[in-house]
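First up is the structure itself, then whatever we jot down about it.
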2 protein chains.
Amino acid sequence: MDSHTDVKHLLKAGATLTDAALERLLPAPDTLPHSIHRAMRHSTFAGGKRLRPILALEAARMVSGGTLTPALETAAAELGAALEMIHTYSLIHDDLPALDNDDLRRGQPTCHVVFGEATAILAGDALQTLAFQTIANLHAPAATVVSILREVSAAVATGVGSVGDLHTSLPPGMIGGQVMDIESEGVKPTAELVEAIHRAKTGALITVSVVAGGLLGLGDQPSTTHDTIARLRTFGQKAGLAFQIVDDVLDMTQDSAQLGKTAGKDTATDKATWPAVFGIPQSIHDAEELIADAFAALARFAETAAPLKALANFLTERKN
Amino acid sequence: MDSHTDVKHLLKAGATLTDAALERLLPAPDTLPHSIHRAMRHSTFAGGKRLRPILALEAARMVSGGTLTPALETAAAELGAALEMIHTYSLIHDDLPALDNDDLRRGQPTCHVVFGEATAILAGDALQTLAFQTIANLHAPAATVVSILREVSAAVATGVGSVGDLHTSLPPGMIGGQVMDIESEGVKPTAELVEAIHRAKTGALITVSVVAGGLLGLGDQPSTTHDTIARLRTFGQKAGLAFQIVDDVLDMTQDSAQLGKTAGKDTATDKATWPAVFGIPQSIHDAEELIADAFAALARFAETAAPLKALANFLTERKN
């Protein structure tokens, strides 16, 4: 399962399932209003690797002992599609002129470049709505659906977790990370600030993908849920932080063609990044240590954890 | 219950309960990141009348036979707060330079004027997230929470309902109404187009406020749910459309000081409005007829429906 070929197969199968679910769930391009439905599809089908959906799918599979029933696989794919909608909405809004002002994403023109700012703002809004609607409509026990909704909504909210002794009681959330990321431009980053931003901006959604997949796979098995979910959460937190560190390193060491987006942008805007604080060699070392911690969290699941471990390796070994 | 004083009491009590829930649920202004939490509060506490929360509260009270237990009243206030967050998020995004470009709302400077465009976009996003998080955390049976989430997410999605024989299979949703409203500028409006926009842009959220309040009040009483919810839905659809027609008429007949926002804006931008298609006298007649239909839908609830009826009257008799 840890070989290069097997990860490729895992990624391809997961992306195919996710894309089929997205195709079913997104409004058809010929339904009114056309413009927003086409904008939602433009950004959703712009070449993402579906990492968050695949993490959710493999977490559901792991807690189910390594195989999913067809019904559970469909539900996991729909949950994954919802997570990808949230990721896409955050990218659409992040790319807007008032935020990062990016014209290029995954090698494609961004949503506002193609459809205009008004439609891009509303398409992002609508993808967030459709994500919650999709989770609310999952074929799963109502208590499971509610647990997933609580986890996902907290993970994409405004918290940033603890930053030194600054006052905050909110758990890390994606929007909070985006705000802190913008506000940290031009400020000399501290290790604590960078870690808080990473845990919130990308870490929270990656972590909740693993946790939500686990909750869906466990369904109404309350006795085993608590410990399993805690382990999946640790795995997601560690692997998610490692993923972001590697992303920061790639931004400094690769060109735009390799990245499919504007390279060196973080450095140019003085963004708070891991290598900016710790340097590249230490960053690579930290990412490796985090992956080891992530693996340790899943040790008790033995071979059934192999797909999640292979994904974590892939996330931190990729060249783009 | 239909007298002027009683409606005032109803509105004041409902707004007080809603504001207390919003105060509890919105992140404190001294939690990080400060800017977005202050922006969320700025727009949420900018003088709204809390009509949607009050409709939800009174629908919950009606289906509970006229009184709410303290626990159910708290839950209804939190549901109402969630609906108000969604309403506020839609206003923040609607006011952005790329959309309606409004500097003034309810007599106050709009969110992007005070906090900048980037923070306003993210504050709107975060209010939508917090609305779904609030509903997911309601103290109610899980099946009820899921039903409410399905209704609310559909009501704020991208559908526009049927527009003549144009192709669409989606139920009316708030974002769809906003898109059609923008796209209809400068186009000669037809009766069908105006009705579809109104049902989606404002009608869907008003209707779902009544429906969700009813679902919360009924809890797990499945045998009575279907007919009661159908009646509440009809009430919400009719009263919601009447409310928007009156809003359109006020925009044409009042000045900015009376409205607390820029008057005549709909006419200046050739927006699709009811009086633009039917004229003012016919519009007033239509609103009255819709209110009569709304009342008829609640006839079987006798005196317990008096608060909802008083609210419907207030919505269409108000001077601002």
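The table below gives the values:
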{"item": "Label-to-label distance, nm, for residues given as B:ARG24 and A:GLU192 (7 Å Cα→Cβ offset)", "result": "3.2 nm"}
{"item": "Positive-end residue of A:THR202, A:ALA212, A:ALA191, charge dipole of the range A:185-238 with Cβ unit charges", "result": "A:ALA191"}
{"item": "Taking chain B and dividing mean pair separation by its residue count, relative contact order in percent (alpha carbons under 8 Å, at least six apart)", "result": "19 percent"}
{"item": "Longest to shortest principal axis, alpha-carbon extents of the protein assembly as shown, angstrom", "result": "74, 51, 50"}
{"item": "Additional length obtainable on full extension of the chain from B:HIS226 to B:ARG106, 0.36 nm per residue less Cα span", "result": "39.4 nm"}
{"item": "Label spacing, shortest first and in nm, from B:ASP30 to its equivalents in the remaining copies (7 angstrom along Cα→Cβ)", "result": "5.9"}
{"item": "Number of partner chain Cβ atoms within 10 Å, mean per residue of B:87-96", "result": "2"}
{"item": "The range A:28-180 - charge dipole about Cα centre, Lys and Arg +1 at Cβ, Asp and Glu -1, debye rounded to 20", "result": "360 debye"}
{"item": "Ratio of the Cα radius of gyration of the range A:46-88 to 2.2 N^0.38 Å, where N counts its residues", "result": "1.14"}
{"item": "Local electrostatic count, A:ARG50, Cβ distance below 11 Å [Lys/Arg +1, Asp/Glu -1]", "result": "+1"}
{"item": "Protection-proxy order for peptides B:74-84, A:40-50, A:282-292, each taking the mean of Cβ atoms within 10 Å per residue, highest first", "result": "B:74-84, A:40-50, A:282-292"}
{"item": "Label 7 Å beyond Cα on the Cβ vector: B:GLU73 copy-to-copy distances, nm", "result": "5.3"}
{"item": "Dipole magnitude (debye, nearest 20) for the protein assembly as shown, charges at Cβ of Lys, Arg, Asp, Glu", "result": "940 debye"}
{"item": "Positive dipole terminus of chain A, leading residue within A:HIS93, A:GLY173, A:PHE132 (C-beta point charges)", "result": "A:PHE132"}
{"item": "Greater than 28 Å apart at Cα, pairs in B:LYS8/B:LYS188; A:LYS271/A:LYS309; B:LYS12/B:LYS238; A:LYS49/A:LYS309; A:LYS49/A:LYS188", "result": "B:LYS8/B:LYS188; A:LYS271/A:LYS309; A:LYS49/A:LYS188"}
{"item": "Copies compared at B:LEU104 - label distances in nm, ascending, label defined 7 Å from Cα in the Cβ direction", "result": "4.5"}
{"item": "Residue mean of other protein chain beta carbons inside 10 Å, A:24-35", "result": "6"}
{"item": "Enclosed volume per residue, in Å³, of the convex hull spanned by Cα atoms of chain A", "result": "128 Å³"}
{"item": "Dipole magnitude of the range B:4-317, debye to nearest 20 (Cβ charges: Lys/Arg +1, Asp/Glu -1, about Cα centre)", "result": "740 debye"}
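Every number here is computed from the coordinates shown, using simple stated rules; none is lab data. Just so it is clear, the model here is predicted, and its values are computed rather than measured. So basically every Cβ, Gly included, is an ideal-geometry build from the backbone, and we count neighbours across all protein chains shown.
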